[in-house]
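*Asks:* Have a look at this one before I ask anything.
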Amino acid sequence: MNKERFQGLELLATAVVVSNPDGVVLYANLSAETLLEVSRRSLDGQALAALFVEATAFREFLRKSQLDPFGVKRQVFELIRPSGTAEHVHVTLSCPDGAHGATIMELREIEQQLKVDREARMMDQSLANKELIRNLAHEIKNPLGGIRGAAQLLEVELPSPELKEYTQVVIKESDRLQTLVDRLLAPHRKPHIVSMMNIHEVCERVRSVILAEHPKGLKFIRDYDTSIPEFLGDLEQLIQAILNIVRNAAQALAPKIADGTAQITLCTRVVRRVTLNRKQHRLALDLQVIDNGPGIPEEIMERIFFPLVSGREGGSGLGLTLAQTFVQQHEGIIECSSTPGKTLFKVTLPLQFDHATS
């Protein structure tokens, strides 16, 4: 069989397996090899039904698909993997030539589909938040200068120091709001300066800042993959993004820092064939920030990246919002999972080495 006609399927992030009319594998793309945890050489000549726990049900599913050459059949089956891990997948069959031609089978991990949907919702929500923040910040900023200026002029005219205390309250609160607005607008003001950078320089800069703030009681564990190459990114933006995440972790660890048991782990790895925001990338950086703190309250877990949402008394609720904005400007994503004793923030960034690479 001439397999060259299937080479275009190598570019797909979706696992695709092609079989003959008897349901025997003729070809599998690289994504299928990864999903099934079996080499393509081992798949050649194997029955499609042997890939699934429900082999009899799959054979019936295949038979019905071949009877309807103009239709596309979908069903959920459980894979058989050498590692023994269970995985339910969406199976889509199409038989354009009916029972006498090849069958094209697509496999999609249910969890992967949920992840894609979740990323899409996060991106839509982030864009809406960004537009809301910009408009709101500008609406606050314009009258704020006038309020502060009027308070200063009024202060000059007031005869007694006691009355001037009230104008000082107005001026100080105006300055506090101005600082808040400036932080909201910061990601949209600074240009995105891209150059070759090292992720471990980012981690070490962040680590040194946090240790300066907490010189005692906090232990950092560095689990670095030093083979990760330099890649294109905005060094200052990524330092700020990771600093915001790690600083949040340190603040949540305050009781453990006091008794000397606080711990933050910085872990870097390379992951392959990653889909971010509906776009596939050959290589990506996986940076994890793990702390042994009390965990994020369940009632705010789904909203931690929203502006002005904070689980800490006196927190501004902007740190994670800004971190997410900076990471998204690098076409990446931040994910979080949390239980008492372990909170994990995972930053995934596509590794780009030149402006033409995706």
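The values are calculated or read from the model by the stated rules, or taken from the named source; none is laboratory data. Please read these numbers as outputs of a predicted model, since none were measured by experiment. Note that we place each Cβ from the backbone using ideal geometry, even for glycine, and neighbour counts take in every protein chain shown.
*Asks:* In the list 244, 277, which residue meets the criterion of being in the same structural domain as residue 329 (by TED's automatic domain parsing), under 18 Å from the mean Cα position of the chain (by Cα) and surrounded by 18 or more Cβ atoms within 10 Å (Cβ to Cβ)?
*Replies:* 244
*Asks:* May I ask you to list pairs of residues, at least six apart or on different chains, whose Cβ atoms are under 9 Å apart, with the first in the stretch 10-32 being free of Cβ contacts under 8 Å to residues at least 24 places away in the same chain and the second being among the aliphatic types (A, V, I, L, M) and assigned to a loop (DSSP other than H, G, I, E, B)?
*Replies:* 28/38; 29/12
*Asks:* When you look at residue 76, is it of a type in the set (A, V, I, L, M, F, W, C), in the same structural domain as residue 56 (by TED's automatic domain parsing), closer than 25 Å to residue 277 by Cβ and at pLDDT 80 or above, yes or no? Please lay out each step first, then the result.
*Replies:* Working: of a type in the set (A, V, I, L, M, F, W, C): yes; in the same structural domain as residue 56 (by TED's automatic domain parsing): yes; closer than 25 Å to residue 277 by Cβ: no; at pLDDT 80 or above: yes.
Judged against the criteria, residue 76 is not a match.
*Asks:* From the list 23, 45, 71, exactly one residue is in contact with a helix residue (DSSP H, G or I) (Cβ under 7 Å, 6 or more places away or on another chain) and farther than 20 Å from residue 273 by Cβ. Which is it?
*Replies:* Within the list 23, 45, 71, the selection yields 23.
*Asks:* Right, next: Scan the stretch 227-252 for residues that are charged (D, E, K, R) and in a loop (DSSP other than H, G, I, E, B) and report the count.
*Replies:* So the answer is 2.
*Asks:* Which members of the stretch 53-105 meet the condition of being among the acidic types (Asp, Glu) and either closer than 17 Å to residue 28 by Cβ or part of a strand (DSSP E or B) (or both)?
*Replies:* Within the stretch 53-105, the first condition is being among the acidic types (Asp, Glu), and the residues that meet it are 54, 60, 68, 78, 87, 97.
The answer is 78, 87.
*Asks:* Return the residue satisfying two criteria in turn: it lies in the stretch 261-274 and is modelled with pLDDT of 90 or more and not polar (S, T, N, Q), and of such residues it is surrounded by the most Cβ atoms within 10 Å (Cβ to Cβ).
*Replies:* Only one residue tops the list, namely 264.
*Asks:* When you check residue 258 against the structure, is it surrounded by 15 or more Cβ atoms within 10 Å (Cβ to Cβ), small (Gly, Ala, Ser) and assigned to a helix (DSSP H, G or I), yes or no?
*Replies:* Numbers: surrounded by 15 or more Cβ atoms within 10 Å (Cβ to Cβ): no; small (Gly, Ala, Ser): yes; assigned to a helix (DSSP H, G or I): yes.
Judged against the criteria, residue 258 is not a match.
*Asks:* Any chance you could count how many residues in the stretch 33-50 are surrounded by fewer than 19 Cβ atoms within 10 Å (Cβ to Cβ), touching a residue at least 24 places away in the same chain (Cβ under 8 Å) and more than 21 Å from residue 64 (Cβ to Cβ)?
*Replies:* 3
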